[in-house]
Amino acid sequence: MKLERLDRIRSSLQPSNHPYLNGAWTPQHEEVNATDLRVIEGAIPAEISGVYLRNTENQVHQPLGRFHPFDGDGMIHQIAFENGKANYRNRFVRTRGFAAEQEANASLWGGLADPPALAKRPGWGAHGSLKDASSTDIVVHAGKALSTFYQCGEGYRLDPLTLEDLGLESWTPIDGISAHPKLDEATGELMFFNYSKHPPYMHYGVVDKHNKLKTYIPVPLPGPRLPHDMAFSENYSILNDLPVFWDQELLKRDIHAVRLHDGLPARFAIVPRHGRTEDIRWFEAAPTYVLHWLNAYEDGEAIVLDGYFQENPTPRPSKKAPAGFEHMMAYLDEHSFRPKLHRWRFDLKSGATTETRLDERIMEFGTINPRVAGRKHRYIYSTTAKPGWFLFTGFVKNDLDTGQSWVFELPEGQYASEAPFIPRPGATAEDDGYLVSFITDENTGNSECVLLDAKRIQDGPICRIALPHKICSGTHACWADREQLSPA
Ligand SMILES: [Fe+2]
């Protein structure tokens, strides 16, 4: 392995005992290029050609208030595979907030757990007082990577191979784009939404494969909401208005407190992909919050939507958390809010919704073969989490046709990142491919990349590749085949 270290960024962060600034959540500030990575075990399949991109949250400066792990600056970690070899590089997303704080060598914005008045400058997105850290998700669309921020940020483009900063995405609307734009590989279109504190509170849009904004329409809601994710089928996009959102009275005093609003149903907007506001049809379902959807597809006169139904979306403070962190840690703990694999079926003829639980185990952050996105899927690959923590400890594969499932749990002290599916070139079976993930090993202080055979995840990694430094935990990741890395 050859390693090149870039000039270090400025940091004012002091050591602390914050549970999400230590261990697997220790921020990484080093930016490197590493070529010809060392394979620890197995061999890199020569047929894999493309990049795995992972966004992580890395706090750079001493927090102004109460740090929350989603406050950290976005850093993209990339492993690139070609001809049985792998290279690695990582870069901070050069957001406007990152640049301003580099110049000040200090935090200029508070975080998710802080009062807005702490911000020294106007912020971004739906919240309005946060830094757009572009730290939540990353997707490759129209040959370029696009990093996003969950509270509706501006959208930053990077070269997916070099990670060169390409600046702000020009079509981003004034209300920004939320964390999870969705790519339809079949058409090259990117579907997105945003939300805000002012009417109509939500918009939906479609960008074509040439990166031109083709559709942008209001999706009027009764008030400010906090939708996190969306789904699409071949002809429709599915947006949501769920009954977990900021307390309306407290919001008038600029207090952003999330509540479950008893008596309100979950509502789903079915929007024709390039439809108008008046074409939207709304469906109701049992109240819940859903962080992530897996996929949707059309089945005759119905639309099927799979996602993770939270049984307890507003958990009580955690009794096991260190003093002062009880509330934050409960909201970062899947075992507190209990997300479960769930299916909604919207009957376009009758207007009725039917719901089915697909698995009673706690899981989230799932993926499918991207070739079937928007089409009927058979297999789902989810992650499992460490009780009490926002840390992924393994993977579950569900076969929805047979009801079978398989599990791979990492050894104690090892934590995974979201594991996208890499389709095997020429594959015909939906599960013919690999899962790719970065592992941080708290026993050794190292990180590595692993590949799992998606047909047999229970066997564990078929290949382990050493990374040059330890990666901070984060939220989302993506895979892009090499042919997706240049503009259409
Ligand atoms: Fe997310």
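Computed values, structure above
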| quantity | calculated |
| --- | --- |
| Measure of compaction for the chain (Cα Rg per 2.2 N^0.38 Å) | 0.91 |
| Cα gyration tensor shape for segment 108-181, rounded if a/c is under 1.5, else prolate or oblate | prolate |
| Shape call, segment 249-393: gyration tensor on alpha carbons, a/c limit 1.5 | oblate |
| Quarter of the Cα convex hull surface for segment 220-293, i.e. its orientation-mean projected area (nm²) | 5.4 |
| Whether segment 332-488 is rounded, prolate or oblate, judged on the alpha carbon gyration tensor where a/c under 1.5 counts as rounded | oblate |
| Probe 1.4 Å, accessible area per residue of the chain, Å² | 38 |
| Interatomic Cα distance distribution for segment 1-97, bins of 10 angstrom, percent | 14, 39, 29, 15, 3 |
| Förster-model FRET efficiency, 45 Å R0, Arg5 and His261, C-beta, rounded to 0.05 | 0.35 |
| Radius of gyration, Dmax [segment 14-162; alpha carbons; angstrom] | 16.9, 53 |
| Added length on full extension, which subtracts the Cα-Cα distance from 0.36 nm per residue, His198 to Glu483 | 98.6 nm |
| Fraction of accessible area attributable to carbon and sulfur, segment 355-419 (%, probe 1.4 Å) | 51 |
| Whole-percent carbon and sulfur share, accessible surface of segment 1-114, 1.4 Å | 44 |
| For the chain, calculated [θ]222 nm from helices alone, where every DSSP H run of n ≥ 4 adds -39500 (n - 2.57) | -1000 deg cm²/dmol |
| Computed label-point distance, nm, for sites Gln404 and Asp432 using a 7 Å Cα→Cβ extension | 1.7 |
| √(5λ) per eigenvalue of the Cα gyration tensor, segment 121-245, largest first, Å | 22, 19, 11 |
| Accessible area of segment 174-235 belonging to carbon and sulfur atoms, whole % at 1.4 Å probe | 55 |
| Solvent-accessible area of Thr402 with every protein chain in place, 1.4 Å probe, in Å² to the nearest 10 | 80 |
| Pairs of Cα atoms farther than 16 Å apart, segment 436-488, % | 56 |
| Cβ-based charge dipole, segment 128-258, positive-most Cα from Gly167, Ile138, Gln151 | Gln151 |
| From the C-alpha gyration tensor of segment 338-421, square roots of 5λ in Å | 27, 15, 11 |
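The values are calculated or read from the model by the stated rules, or taken from the named source; none is laboratory data. A quick note: this is a predicted structure, and the numbers were derived from the prediction, not measured. Please note: Cβ atoms are built from the backbone with ideal geometry, for glycine as well, and neighbour counts cover all protein chains shown. Surface areas here come from the heavy atoms of the whole protein model, side chains and all, with no ligands, DNA or RNA. Shrake-Rupley method; radii C 1.70, N 1.55, O 1.52, S 1.80 Å.
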